[in-house]
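The structure appears right after this line, and notes come after that.
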Amino acid sequence: MAIQKVAIVGGSGTLGAEVVKQLLDAGFDVTAITRNESEATFPDKVTVKRADVTSVDSVKDAISGQDAVISTAASAAAGGQKVIIDAVIAAKVPRFIPSEFGIETRKYRDTKLGRLVGAKVSNTDYLIELASKYDWFSWTGLSNGLFFDWTLKRGSTFVDPKNHKFTLVDSGNELFSASTLGFIGKAVVGILKNPSETANKYLNVAGIVTSQNKILEAIEKFTGSKFDISHTTGDELEKIGDEKIAKKDFSAFIQYLEQHLFADGAGHGLKPENSANGLLGLKEEPLEDTIRNALA
Ligand SMILES: NC(=O)c1ccc[n+]([C@@H]2O[C@H](COP(=O)([O-])OP(=O)(O)OC[C@H]3O[C@@H](n4cnc5c(N)ncnc54)[C@H](OP(=O)(O)O)[C@@H]3O)[C@@H](O)[C@H]2O)c1
């Protein structure tokens, strides 16, 4: 079945706005489901429907008649996604893409990092159960590594382009996966254009597989300035994360994530044999171009 009518929950957000743009560019009919209390705005071509995202009936009414629903809802809303999923089933929408878009939660669910995104894991467990129950329903999950351009633009604990600071973890040579928001939007388009090939699959994509040292070198070249470099280790990050968790401070996610991505031996750079880039028609993104576009 070809997918044409697509609704997106969270389409006003960091990732959602870019997914909406790519969907429109690819010619889909896009409906944004936005919370009743939201002040979000959308491009003219988007049909906007308001809903109470805590009510299955309200979301069901808003999404009825769609071929697919995508959720790019905030991390904080992950626990509430069951309502969206139940509405998708009630409205008999054949395809759902959950708000994953980060680490490969299927594989790392039992790690300290994975446990912090337990709601995402439960949502996808639930989708697997529903797809085995209803033959008209399918889902696709997407893991894309770090939001790369977004991280560079706003700065993060490891890279601070504004103040020319960089923190290397261990040797800085570990390869990890990252993608720009535009690349992830194109991946979503690729899923919707290939509904049979992507049904009931958890896919991995990466716009770029690189290391901290390569990023540092490319940023210094682009900015023409040397960065102040600090050093930490994967073990140190884990220790800080553990101390935060002991105090119920869930910002530990950042330390666990940096350890997951950057520590020597972590092994989270996407390997070609596990990549869905080809399946989804995606071209990898040159590091220098991404840095130029993000920091220009
Ligand atoms: N890989 C990475 O590096 C990375 C980084 C950040 C996020 N992520 C993941 O990407 C996905 C999208 O994150 P994002 O940062 O783009 O989201 P976001 O910008 O924080 O929020 C997206 C939208 O969610 C809606 N929303 C906000 N609070 C909500 C709530 N309590 N209940 C329901 N909806 C709510 C809002 O839409 P309306 O106002 O229109 O209702 C908002 O614009 C998440 O799964 C997140 O974990 C990954």
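The values are calculated or read from the model by the stated rules, or taken from the named source; none is laboratory data. What you are looking at is a predicted structure, and each value in this text was computed from that prediction instead of being measured. All Cβ positions, glycine included, derive from the backbone under ideal geometry; neighbour counts span all protein chains shown. The area values use the complete protein model at the heavy-atom level, side chains included, leaving out ligands, DNA and RNA. Shrake-Rupley method; radii C 1.70, N 1.55, O 1.52, S 1.80 Å.
Numbers for the structure displayed
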quantity: Within-12-Å neighbourhood charge of Gly27 [Cβ basis; K, R +1; D, E -1]; calculated: +1
quantity: Accessible area (Å², per residue) of region 1-148, counting only protein heavy atoms and a probe of 1.4 Å; calculated: 43 Å²
quantity: Helix 81-90 vs. the chain, principal-axis angle (Cα, 0 to 90°, nearest 10); calculated: 30 degrees
quantity: Helix 212-223 axis, angle to the chain major axis (alpha carbon atoms, nearest 10°); calculated: 80 degrees
quantity: Accessible carbon and sulfur surface of the chain relative to its total accessible area, %, 1.4 Å; calculated: 50 percent
quantity: Distance in nm between pseudo-label sites at Lys248 and Asp228 (7 Å out along the Cβ direction from Cα); calculated: 3.6 nm
quantity: Neighbourhood net charge (15 Å Cβ-Cβ; Lys/Arg +1, Asp/Glu -1) for Gly155; calculated: 0
quantity: Neighbour net charge for Ile191 - beta-carbon separation under 11 angstrom, K R +1, D E -1; calculated: +3
quantity: Global form of region 74-195, assessed from the alpha-carbon gyration tensor, a/c cut-off 1.5; calculated: prolate
quantity: The chain, helix-only ellipticity at 222 nm - DSSP H runs n ≥ 4, -39,500 (n - 2.57), divided by all residues, nearest 500; calculated: -12000 deg cm²/dmol
quantity: Nearest-20 debye value, the chain charge dipole, Cβ charges on Lys, Arg, Asp, Glu; calculated: 520 debye
quantity: Most positive-pole-ward Cα, Ile254, Leu279, Ala266, against dipole of the chain from beta carbon charges; calculated: Leu279
quantity: Within the chain, longest stretch free of exposed chymotrypsin sites (Phe, Trp or Tyr not before Pro) [DSSP loop, at most 15 other beta carbons within 10 Å]; calculated: 1-133
quantity: Dipole of the chain, positive direction: furthest Cα of Val117, Gly79, Thr31, with charges on the beta-carbon; calculated: Thr31
quantity: Computed over the chain, Cα set: Rg, Dmax in Å; calculated: 19.3, 58
quantity: Sites Asp135 and Asp61, calculated FRET efficiency, Cβ-Cβ separation with R0 30 Å, nearest 0.05; calculated: 0.75
quantity: Nearby lysines by direct alpha-carbon distance to Lys221 (threshold 17 angstrom, same-chain neighbours under 8 apart not counted); calculated: Lys153, Lys162, Lys165
quantity: Candidate lysines - alpha carbon under 30 Å from Lys60, same-chain residues fewer than 8 apart omitted; calculated: Lys5, Lys21, Lys45, Lys49, Lys82, Lys92, Lys120, Lys133, Lys186, Lys193, Lys201
quantity: The chain: angle of helix 234-246 to the longest principal axis, Cα-based, in degrees nearest 10; calculated: 50 degrees
